[in-house]
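Report on the structure given below.
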Amino acid sequence: MIYLQIKELIAARKAQWGRRVTISEVSSATGISRMTLTRMMRRQGYSSVTNHLDKLCDFFQCDLGELARYVPNAKPGSTDTRLEQAAINRPLEAKEGA
């Protein structure tokens with residue numbers, strides 16, 4: 001599944017920019033509705049259009065690899081989701097030179 005790291009990017013930009021970054025600010029700057037952004041942040045594997053991904057990369061000044069991360073799905077029939085959850089919980093790595 002693809003995991004969108006919007007929460008992590010908001011936290012990273014807050015530290016980098018020295019101020020709070022809100023969903024409303026991201027929404028206003030990108031034209032993506034707050035509801036859609038919230039869904040993208042909360043639903044693992046949320047299906048998004050590439051236009052939204054492009055706008056988010058532009059706002060956060062990041063590449064797609066920083067915005068989205070591939071997390072292997074649990075094997076069919078498996079109830080062990082620890083690997084999947086550990087990959088999702090992995091912190092966003094700082095961009096070199098930023």
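Every number here is computed from the coordinates shown, using simple stated rules; none is lab data. A quick note: this is a predicted structure, and the numbers were derived from the prediction, not measured. Heads up, the Cβs are rebuilt from the backbone with ideal geometry, glycines too, and the neighbour counts pull from every protein chain shown.
Quick look at the numbers
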quantity	calculated
Residue list for segment 32-63, restricted to those being among the hydrophobic types (A, V, I, L, M, F, W, C) and within 12 Å of Leu9 (Cα to Cα)	Met41, Leu56, Cys57, Phe59, Phe60, Cys62
Residues located in segment 3-39, provided they are over 15 Å from Cys57 (Cβ atoms), within 12 Å of the chain's Cα centre (by Cα) and of a type in the set (S, T, N, Q)	Thr38
Complete set of residues in segment 49-71 that are closer than 20 Å to Arg34 by Cβ, free of Cβ contacts under 8 Å to residues at least 60 places away in the same chain and either among the charged types (D, E, K, R) or touching a helix residue (DSSP H, G or I) at 6+ places or on another chain (Cβ under 6 Å) (or both)	Asp54, Lys55, Leu56, Cys57, Asp58, Phe59, Phe60
